[in-house]
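The values are calculated or read from the model by the stated rules, or taken from the named source; none is laboratory data. Treat the numbers as computed from the prediction; the structure is a model and nothing was measured. Cβ atoms come from the backbone with ideal geometry, glycine included; neighbour counts cover every protein chain shown. The area values use the complete protein model at the heavy-atom level, side chains included, leaving out ligands, DNA and RNA. Shrake-Rupley method; radii C 1.70, N 1.55, O 1.52, S 1.80 Å.
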Amino acid sequence: MSKSIRHVVIVGGGSAGWLTAGVIAAEHCADRESGLRVTLIESPDVKTIGVGEGTWPSMRDTLRHMGVSETELVRECDASFKQGSKFVGWVTGHDDDSYYHPFVLPQGYTETNLVARWHARYANAPFAHLVSFQPHLCDQGKAPKQAATPEFAAVANYAYHLDAGKFGEFLKAHCTEKLGVAHMLDNVTGIVPADNGDIAALKTASSGDLEGDLFIDCTGFAALLIGKHYEIPFISRKDILFNDAALAVQVPYVHENDPIASQTTATAQSSGWVWDIGLPTRRGVGHVYSTAHTTDEAAEVELRKYVAATAGDSAAAGLSPRKITFEPGHRETFWHKNCVAVGISAGFIEPLEASALALIEFSAAMIRDDMPANRGIMDIAARRFNETFRYRWDRIMDFLKLHYVLSRRSDSAYWEDNRRAETIPERLAELLQLWRYQPPSRRDVNQIEEIFPSASYQYVLYGMGFEPENHGTARRSEDAGVADRLFAESEQLARKMLAGLPTTRELIDHVKQSGMPRG
Ligand SMILES: Cc1cc2nc3c(=O)[nH]c(=O)nc-3n(C[C@H](O)[C@H](O)[C@H](O)COP(=O)(O)OP(=O)(O)OC[C@H]3O[C@@H](n4cnc5c(N)ncnc54)[C@H](O)[C@@H]3O)c2cc1C
């Protein structure tokens, strides 16, 4: 049981596989004789899912630690800069219905209760626009940094929009050429079990048995090791989040130099919503919906209508959407014996707020940091991992459901069903009661590495017009003064940045031509 962990084998070469390989290999020196061996095996026949184009700001740190060049990322992955999400039509569905969830925290977030002052004095102003400069940048298609800002550094916090297929290829090249990850193209056909129930080796179609000490299942929906071999139960969460299908398309810009959106736009539909992600050379658009509430045909009509409205009738006519179906949910546990699941094999729910790649990054980072020295202590790492990720999945469920619970739309059974009490997680229902009297705070989501900070809850809650009952007045007059100062600071920052920052399109063109200074 005290065998050293020397060889990590990752099965699957999608974003989960390559991100996990890179994160572990960079830290554990897979390129040196003395380091950990990291091997990634992927099927030459099973394609990667090929979607997943919106990321979180955490991706900057993840890639920087792996030694990636941000300039190359922009050039090779058709990447652009993302500063948050804009939600259109989620509250009433009327023309003026939109709000932002930006990446920047409210100005002076921890200094005072901004919500009380906003509600008492400025309730007609959109909350995010009052407390943060970032929605103003997004409104004008501005970049989050200047041409002279070094790689990975930011003027305004940002993440990426990128081409998922190109990202996989880019990571593969980096991991194999720079980080010492060994790459095998072969089908895994079975498992050679060890006496203690561990996986001793993988059987492959043409390369014999592949032995390892720790096996990471990144096989996507196949869930080859965690699901098929270990039969770890899958917990469906469809009772909370109904969406279980998506139609994805790539939409060309009308003119090559059209502005690139600085945020993901999520536009509510009758039984789901449409994502719209702007890359430098095209947009990635898709309709995610509930098959219990609409048909594929009706969902496609709504998708085409959206594309026609944003790119013209001819763009909409030429589309052939790709359909993806999924059961929303996750495994009961993620790390079992000497096998840990990362990515879709661990679970997947609809891409609202784009948390899937972030979960992959957090999973890879925890495996990297808690990499057991030997088999004897692996079960401790496994228990900690399972506790952490079960908590994270539950918080993701809460946060995503919040977007639906607060909607006032009544134009379809989908929106009404989404507000039914029995579909709302207990903890979220409790917090919603509390938030009538006090704004979301760090006490509500109090782990050190929370997936969504309390500021995110505030942006969604007040963006969607949640009415507090009695924290409408600042408790002390000096609090009101502090809040007013912070609102003024935020406005000044917005003005300064709007004048000083290039547009996202201008910055991307510059990076393609001249690169960014290395940090
Ligand atoms: C509609 C939709 C939209 C999404 N949008 C976003 C988004 O905006 N942001 C975000 O963060 N995430 C998003 N996601 C999720 C994101 O796409 C995934 O989390 C991410 O791509 C990781 O996928 P993966 O690597 O786990 O699986 P996959 O990409 O499916 O890779 C599976 C790998 O396993 C290999 N494999 C399978 N069987 C075998 C075998 N027997 N032997 C060897 N290899 C095998 C395959 O060859 C492949 O390499 C979205 C997902 C969907 C469905």
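Remarks
- Of the residues making up the range 192-203, those that are part of a strand (DSSP E or B) and away from the ligand (no atom under 12 Å from the Cβ) are Val192, Pro193, Ile199, Ala200, Ala201.
- Just one of (1) at pLDDT 95 or above; (2) farther than 28 Å from Ser345 by Cα fails for Glu422. It is (2).
- Of all residues in the range 148-171 being assigned to a loop (DSSP other than H, G, I, E, B) and open to solvent by less than 40 Å² (accessible area, probe 1.4 Å), the one that is nearest to the ligand (Cβ to nearest atom): Leu162
- Residues satisfying the stated conditions in the range 63-87, i.e. among the polar types (S, T, N, Q) and more than 12 Å from the ligand (Cβ to nearest atom): Ser69, Thr71, Ser80, Gln83
- Those residues of the range 236-263 which are surrounded by 15 or more Cβ atoms within 10 Å (Cβ to Cβ) and closer than 30 Å to Trp335 by Cβ, in sequence order: Arg237, Lys238, Ile240, Leu241, Phe242, Asn243, Asp244, Ala245, Ala246
Per-residue answers, yes or no, for (1) touching a residue at least 60 places away in the same chain (Cβ under 8 Å); (2) in contact with a Gly (Cβ under 7 Å, 6 or more places away or on another chain); (3) among the β-branched types (Val, Ile, Thr):
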| position | (1), (2), (3) |
| --- | --- |
| Leu319 | yes, no, no |
| Arg322 | yes, no, no |
| Phe326 | yes, no, no |
| Phe334 | yes, no, no |
| Asn338 | yes, no, no |
| Gly343 | yes, yes, no |
| Leu352 | yes, no, no |
| Ile360 | yes, yes, yes |
| Ala364 | yes, no, no |
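- Residue check, Trp18 open to solvent by less than 10 Å² (accessible area, probe 1.4 Å) and either away from the ligand (no atom under 16 Å from the Cβ) or among the aromatic types (Phe, Trp, Tyr) (or both): yes
- Residue count, the range 119-171 (criterion: closer than 23 Å to Arg495 by Cβ and not aliphatic (A, V, I, L, M)): 22
- Test: Ile10 is closer than 30 Å to Gly284 by Cα, part of a loop (DSSP other than H, G, I, E, B) and either within 11 Å of the ligand (Cβ to nearest atom) or without any contact (Cβ under 8 Å) to a residue 40 or more places away in the chain (or both): no
- For the range 360-389, the set of residues classified as within 16 Å of the ligand (Cβ to nearest atom) and within 17 Å of Met66 (Cα to Cα) consists of Ile360, Glu361, Phe362, Ser363, Ala364, Ala365, Ile367, listed by residue number.
- Summed over the range 192-212, residues that are under 24 Å from Gly35 (Cβ atoms), of a type in the set (Asp, Glu) and open to solvent by 20 Å² or more (accessible area, probe 1.4 Å) total 2.
- The range 172-191, subset open to solvent by 40 Å² or more (accessible area, probe 1.4 Å) and free of Cβ contacts under 8 Å to residues at least 24 places away in the same chain, residue nearest to the ligand (Cβ to nearest atom): Thr189
- Criterion: open to solvent by 40 Å² or more (accessible area, probe 1.4 Å) and at pLDDT 95 or above - qualifying residue of Glu327, Glu361: Glu327
- Screening the range 369-396 for residues that are touching a His at 6+ places or on another chain (Cβ under 9 Å) and in contact (Cβ under 8 Å) with a residue 60 or more places away in the chain and picking the one that is surrounded by the fewest Cβ atoms within 10 Å (Cβ to Cβ) gives Met371.
- Restricting attention to the range 27-59, the residues that are among the small types (Gly, Ala, Ser), modelled with pLDDT of 95 or more and surrounded by fewer than 24 Cβ atoms within 10 Å (Cβ to Cβ) add up to 2.
- For Ser314, the conditions (1) away from the ligand (no atom under 16 Å from the Cβ); (2) of a type in the set (S, T, N, Q); (3) open to solvent by less than 40 Å² (accessible area, probe 1.4 Å) all hold with the exception of (3).
- Filtering the range 204-216 to residues that are near the ligand (Cβ under 10 Å from one of its atoms) and assigned to a strand (DSSP E or B) leaves only Thr204.
- Evaluated against (1) open to solvent by 30 Å² or more (accessible area, probe 1.4 Å); (2) under 22 Å from Gly515 (Cα atoms); (3) more than 16 Å from the ligand (Cβ to nearest atom), Gln107 falls short on exactly one condition, (2).
- Of all residues making up the range 213-223, the number that are surrounded by fewer than 19 Cβ atoms within 10 Å (Cβ to Cβ) and more than 15 Å from Pro44 (Cα to Cα): 1
- Filter pass, Glu33 being under 26 Å from the mean Cα position of the chain (by Cα), over 17 Å from Asn374 (Cβ atoms) and not aromatic (Phe, Trp, Tyr): no
Every residue, every condition in (1) farther than 13 Å from His183 by Cβ; (2) assigned to a loop (DSSP other than H, G, I, E, B), yes or no:
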| position | (1), (2) |
| --- | --- |
| Ser2 | yes, yes |
| Gly17 | no, no |
| Thr20 | yes, no |
| Ala30 | no, yes |
| Gly35 | yes, yes |
| Val38 | no, no |
| Asp45 | yes, yes |
